[in-house]
Amino acid sequence: MTSFLKVLTLVAVFGMMANVGHSYPPCPNVEAISKRITEYFVYRDPTLAAGLIRMLFHDCIVRGCDASVLLDPTPYNNATEKTATPNLTLRGYEVVNAVKAALEKECPGKISCADVLSLVARDAIVAIKGPYWYVNLGRKDGKISLATDALRDIPSPFSNITTLIKNFAAVGLTPKDLTVLSGAHTIGIGHCNIIQRRLYNFTGKGDTDPKIAPGYATFLKSKCPQRVGDVTSVVPMDAYTPKAFDVKYFTTVSQKAGLFSSDAALLDDSSTKSYLLSQVYSGGASFGKDFAVSMTKLIKIGGTQGEIRKTCGAVNSYY
Ligand code: HEM
């Protein structure tokens, strides 16, 4: 090779390397910024971690991970996903908005709200000493957000196991993913109004769901008195260690102390039951690793169509 050709080859190789470095990541400090701001919020209020991981789930299971859950209602569309009943109790919007604002300053127009939601949910779980998973970037923010989609796709706490397995299969998630991800109920709270029927009028005869252990039913009744129209009382979903991201949710379910019918239902299918019990007996040997694997699958659903919003509550344009 002539020396001229050698120089050309070297220039090409270095050029390619430099290109790779320039094109990825799309914003060099994205990880550090998300981590710093999320920690700021979560150290002040650790319960935000529960709000954020739930918000991410509710985004991804409806139209994929495209931040459609974050869109505010407008005169053009007054029934966005956010307005659907299961989303009325979502928490943590302020964390998503703060990280998005900081990233727009650092790298305008580069990181979508869908990517931000995936990052902050992961960083919030890590901030409370839960498992870490890698978040790939490049999601697009969707322009469509319909409450009717949310009502159809977000699993109901009254569901049986067949319906839950179908809900997850619809987005490519297995019964194992269903069980593993339900393990997120190891943190956070549920509203008492959702379990009024389970506690006080299960079959319309003033009875309690027989799938609730008697001691747990007594505990729940003390926290959630029979009251019509009570929308504020709450109860922890994992009565043992409500703030720790640990295996104790599976323990509660195995002891007939799961809060919702959908939690108790994990005992009604042989595969979901066997994973659940394996974690109870092993002290959660693989729960953290399994959770990271299932989250990695969840955050890869959809997010391929749309734009990079300027702010997370509104589309840039309708066209
Ligand atoms: C399997 C189907 C699921 C059903 C039926 C379900 C249902 C619910 C319901 C009804 C609540 C209570 C909301 C409230 O009263 O404010 C709740 C809370 C929660 N869910 Fe789920 N969920 C499911 C799966 C998941 C998944 C896959 C995750 C995350 C990966 C998750 C994370 C959470 C968290 C962390 C909370 C507590 C939220 C807070 O403290 O604000 N859930 N869920």
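The values are calculated or read from the model by the stated rules, or taken from the named source; none is laboratory data. Because the structure is a prediction, the values reported are computed rather than measured. Because the Cβ atoms are built from the backbone with ideal geometry, glycine has one as well, and the counts that use them run over all protein chains shown. Just the protein is used for accessible areas: all its heavy atoms, side chains included, with ligands, DNA and RNA removed. Shrake-Rupley method; radii C 1.70, N 1.55, O 1.52, S 1.80 Å.
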Tell me which residues, restricted to the stretch 106-145, are within 22 Å of Asp72 (Cβ to Cβ) and surrounded by fewer than 20 Cβ atoms within 10 Å (Cβ to Cβ). Pro108, Gly109, Lys143, Ile144
As an exercise: evaluate Gly190 against (1) within 12 Å of the ligand (Cβ to nearest atom); (2) in a helix (DSSP H, G or I); (3) more than 14 Å from Ala265 (Cα to Cα); (4) not hydrophobic (A, V, I, L, M, F, W, C) and give the number of the one condition it does not meet. (2)
Being surrounded by fewer than 21 Cβ atoms within 10 Å (Cβ to Cβ) and in contact with a helix residue (DSSP H, G or I) (Cβ under 7 Å, 6 or more places away or on another chain), is that true of even one residue in the stretch 59-68? no
Which of the helices (runs of 4 or more DSSP H) found entirely inside the stretch 246-319 contain at least 1 residues meeting this: closer than 17 Å to Thr174 by Cα, touching a Cys at 6+ places or on another chain (Cβ under 7 Å) and among the hydrophobic types (A, V, I, L, M, F, W, C)? 287-298
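Determine, yes or no, whether Lys300 is within 22 Å of Ile61 (Cα to Cα), open to solvent by 70 Å² or more (accessible area, probe 1.4 Å) and under 22 Å from the mean Cα position of the chain (by Cα). Reasoning before the result, please.
Numbers: within 22 Å of Ile61 (Cα to Cα): yes; open to solvent by 70 Å² or more (accessible area, probe 1.4 Å): yes; under 22 Å from the mean Cα position of the chain (by Cα): yes.
It is true that Lys300 is within 22 Å of Ile61 (Cα to Cα), open to solvent by 70 Å² or more (accessible area, probe 1.4 Å) and under 22 Å from the mean Cα position of the chain (by Cα).
Regarding Glu94, is this residue away from the ligand (no atom under 15 Å from the Cβ), surrounded by fewer than 22 Cβ atoms within 10 Å (Cβ to Cβ) and farther than 27 Å from Ala169 by Cβ?
Numbers: away from the ligand (no atom under 15 Å from the Cβ): no; surrounded by fewer than 22 Cβ atoms within 10 Å (Cβ to Cβ): yes; farther than 27 Å from Ala169 by Cβ: yes.
Criteria not met by Glu94.
Looking at Asp209, Asp238, can you tell me which residue is in contact (Cβ under 8 Å) with a residue 12 or more places away in the chain and within 11 Å of the ligand (Cβ to nearest atom)? Spell out the reasoning first.
Working: Asp209 fails: within 11 Å of the ligand (Cβ to nearest atom).
After ruling out the rest, the residue left standing is Asp238.
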Complete set of residues in the stretch 26-63 that are in a loop (DSSP other than H, G, I, E, B) and within 13 Å of the ligand (Cβ to nearest atom): Asp45, Pro46, Thr47, Ile61, Val62
Could you tell me whether Lys221 is touching a residue at least 24 places away in the same chain (Cβ under 8 Å) and either more than 16 Å from the ligand (Cβ to nearest atom) or open to solvent by 60 Å² or more (accessible area, probe 1.4 Å) (or both)? no
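Yes or no, residue by residue, for (1) away from the ligand (no atom under 11 Å from the Cβ); (2) open to solvent by 50 Å² or more (accessible area, probe 1.4 Å):
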position	(1), (2)
Asp149	yes, no
Thr163	no, yes
Phe168	no, no
Lys205	yes, yes
Ala213	yes, no
Pro225	yes, no
Contact list, first residue from the stretch 290-319 and at pLDDT 95 or above, second anywhere and surrounded by 15 or more Cβ atoms within 10 Å (Cβ to Cβ) and hydroxyl-bearing (Ser, Thr, Tyr), beta-carbon distance below 6 Å, six or more apart or interchain, is Ile299/Ser118; Ile308/Ser112
